[in-house]
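Throughout, read-outs are computed from the coordinates displayed, never taken from laboratory work. The structure presented is a predicted model; accordingly, all values stated were derived computationally and were not measured. Using ideal geometry, Cβ is built from the backbone for each residue, glycine included, and neighbour counts are taken over all protein chains shown.
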Amino acid sequence: MKAAVYPGSFDPVTYGHIDIIKRSAEIFDELIVSVLDNKNKTPLFSVDERVKMLCEVTKDMPNVKVDSFSGLLTDYCRDLGIHVAIRGLRAITDFEYELQIAQTNKILSHGEFDTVFLTTSLQYSYLSSSAVKEIAMFGGDLSGSVPDLVRDRLLEKYRNH
Ligand code: PNS
């Protein structure tokens, strides 16, 4: 069985991420979407909130599981017995950062670990979680960016901010 991990911050999940999740789930037998619990960042949503939103948006995808991790991605994947990570590439500007992470993971895993890049579908190539948060903060239209349940959580956050 071929399994892969799709790691990320997902703060919050966008249609761009969902596009990558759907397409990866068609390529791999099992996909684990895993939220990084990053102590160096102050996210808008807690890990639990991000996991919950991901569970809701993937509930109709039987071979997709949602999890979270802290520490090194390669250690987490080794414990799961998985050696492939999925990352989405929106534009050439993502490439340098992603290449560096992929190469670091290759070195850290002594060559065991691979990163598979999927290019984000064109209609989502402008999308990012940061842009989505900014749009939400100023009350802009989020309909093409995130599912309604994510939009509602965003609006709730900024109402209480
Ligand atoms: O959605 P993001 O924030 O671009 O995801 C980045 C992520 C989670 C893939 C990356 O930061 C990561 O894997 N962090 C875990 C720590 C790690 O393994 N670092 C070594 C590679 S730089």
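Out of everything in the stretch 1-15 that is more than 9 Å from the chain's Cα centre (by Cα) and not in a strand (DSSP E or B), what residue ends up being nearest to residue 74 (Cα to Cα)? Only one residue fits best here, namely 2.
Candidates 42, 104: the one that is surrounded by fewer than 18 Cβ atoms within 10 Å (Cβ to Cβ), more than 10 Å from the ligand (Cβ to nearest atom) and not charged (D, E, K, R) is 42.
Considering the stretch 27-55 alone, what residues qualify as being within 26 Å of residue 119 (Cβ to Cβ), touching a helix residue (DSSP H, G or I) at 6+ places or on another chain (Cβ under 6 Å) and not in a strand (DSSP E or B)? Passing the criteria: only 53. Taking every residue in the stretch 77-94 that is closer than 10 Å to residue 116 by Cα and within 11 Å of the ligand (Cβ to nearest atom) and pairing it with any residue that is in a helix (DSSP H, G or I) and among the acidic types (Asp, Glu), at least 6 positions away or on another chain, the pairs with Cβ-Cβ distances below 6 Å are 87/98. On the given criteria, is residue 71 within 14 Å of the ligand (Cβ to nearest atom), under 19 Å from residue 5 (Cβ atoms) and assigned to a loop (DSSP other than H, G, I, E, B)? Here the answer is yes, as residue 71 does meet what is asked.
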